[in-house]
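Engineer: Structure below; questions to follow.
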Amino acid sequence: MTSVLFVVSEEGYWAEECIEPLSTLESEGVDVTVATPSGSPPVVDERSLEPDAAGGEAVAEEYREVDAEHPELNDPEPIATVAAADHDAVVFPGGHGTVWDVNQDRHARQLLLEAVAGEEGVALVVCHAVGILAFTREADGTPLVEGRSVTGFPNEWEEGIVDDEDVLPDGRKLPYWVEDEVRLAGAEWDAELDADESVTEDGDLLTARGPGSSTAAAAALLDRL
């Protein structure tokens, strides 16, 4: 059976970016395992469950149900105990929470490195989780993303969320902006702001811009699998 590992934030994942790919893959018979930094259940960003953000009240309610009842989301593995080699793909859903935990976790970065740089496997990285590319290095110190084409959460969208001091509506200070850090690591960045969806494939690395691109990202991953 095809197996996919989801690495999900305990600090706030965006519902659509996790649940849409997870549900799509499971509907096609893919076995899904969920891992979080400590092994505690991931926490959904409540903003992503608002009807306007989710795409309607019915969808928001569906997301709430999956978050509350999905067996893997409610009983995840610690990141340090799982291996990319045991799965056909690794998925990193986004959400602002990733900037505080997943993107800074050395075990998460190793999972990404193994999935992308190895002979087998593929990785899908979505939205703010794309920031992990700025901190993932190959054995010789070269940034994994150097020279690769990627999309991700753009500065233009971030400007509409944080205040002048980079503070989010929930009061947390955003430590970095994804686009800035990934560009500095040498990526060829294009968030395709004129397009309704943005999914970029470069070798075994798939990236998705963020909300609105999750379904297309799941389809692209299924094609690869």
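The values are calculated or read from the model by the stated rules, or taken from the named source; none is laboratory data. Since this is a predicted model, take the numbers as computed values, not measurements. When we count neighbours, we look across all protein chains shown, and the Cβ atoms used for this are built from the backbone with ideal geometry, even at glycine. SASA here: full protein model, heavy atoms, side chains in, ligands and nucleic acids out. Shrake-Rupley method; radii C 1.70, N 1.55, O 1.52, S 1.80 Å.
Engineer: At a Förster distance of 45 Å, what's the computed FRET efficiency of residue 172 paired with residue 1, Cβ-Cβ distance as r, to 0.05?
Structural biologist: Calculated value: 0.70.
Engineer: Using a ≥ b ≥ c from the Cα gyration tensor of segment 1-44 (square roots of the eigenvalues), is it rounded, prolate or oblate, where a/c under 1.5 gives rounded and otherwise the larger of a/b and b/c decides, a/b for prolate?
Structural biologist: oblate
Engineer: While we're here: Please report the net charge: other residues with Cβ closer than 9 Å to the Cβ of residue 152, K and R +1, D and E -1.
Structural biologist: In short, 0.
Engineer: Could you list, bin by bin from short to long, the percent of Cα-Cα pairs of segment 66-170 in 10 Å steps?
Structural biologist: Reading upward from the zero bin: 13, 41, 31, 13, 1.
Engineer: Calculate the all-directions average of the projected area of segment 3-223's alpha-carbon convex hull, and give it in nm².
Structural biologist: Here the figure is 11.2 nm², rounded to one decimal.
Engineer: Which value at 222 nm does the chain reach when only helices count, each DSSP H run of 4 or more adding -39,500 (n - 2.57), with the total divided by all residues and rounded to the nearest 500 deg cm²/dmol?
Structural biologist: -8000 deg cm²/dmol
Engineer: Further, regarding this structure: Quick check: residue separation of residue 204 and residue 77 times 0.36 nm, minus the Cα distance between them. What number comes out in nm?
Structural biologist: 43.3 nm
Engineer: How large a share of the accessible area of the chain, in percent, is made up of carbon and sulfur atoms when the probe is 1.4 Å and the other protein chains stay in place?
Structural biologist: Percent of accessible area from carbon and sulfur atoms in the chain: 42.
Engineer: Now a separate question. Where does segment 28-71 land on Rg/Rh, using Cα atoms and the Kirkwood Rh?
Structural biologist: 1.03
Engineer: In addition: Mind giving me the FRET efficiency for residue 138 and residue 57? R0 is 41 Å, r the Cβ-Cβ distance, nearest 0.05 is fine.
Structural biologist: E between residue 138 and residue 57, to the nearest 0.05, is 0.35.
Engineer: Looking at segment 108-225, what % of its DSSP beta bridges pair antiparallel, to the nearest 5?
Structural biologist: 50 percent
Engineer: While we're here: Counting Lys and Arg as +1 and Asp and Glu as -1, what is the net charge of the other residues whose Cβ lies under 10 Å from the Cβ of residue 51?
Structural biologist: Local net charge: -4.
Engineer: Given a 1.4 Å probe and heavy atoms of the protein chains only, how would you sort 33, 136, 215, largest accessible area at the top?
Structural biologist: Heavy-atom accessible area, descending, gives 215, 33, 136.
Engineer: Output ³J(HN,Hα) for segment 79-92: one whole-Hz value per residue in order, computed from phi by the Karplus curve 6.51 cos²θ - 1.76 cosθ + 1.60 with θ = phi - 60°, and x for Gly and Pro.
Structural biologist: 3, 5, 9, 10, 9, 4, 5, 8, 9, 7, 7, 10, 10, 10
Engineer: When DSSP assigns beta bridges and you keep just the ones with both residues in the chain, what percent turn out antiparallel, to the nearest 5?
Structural biologist: 25 percent
Engineer: Also: Any idea of the accessible area per residue across segment 3-223, 1.4 Å probe, to the nearest Å²?
Structural biologist: 42 Å²
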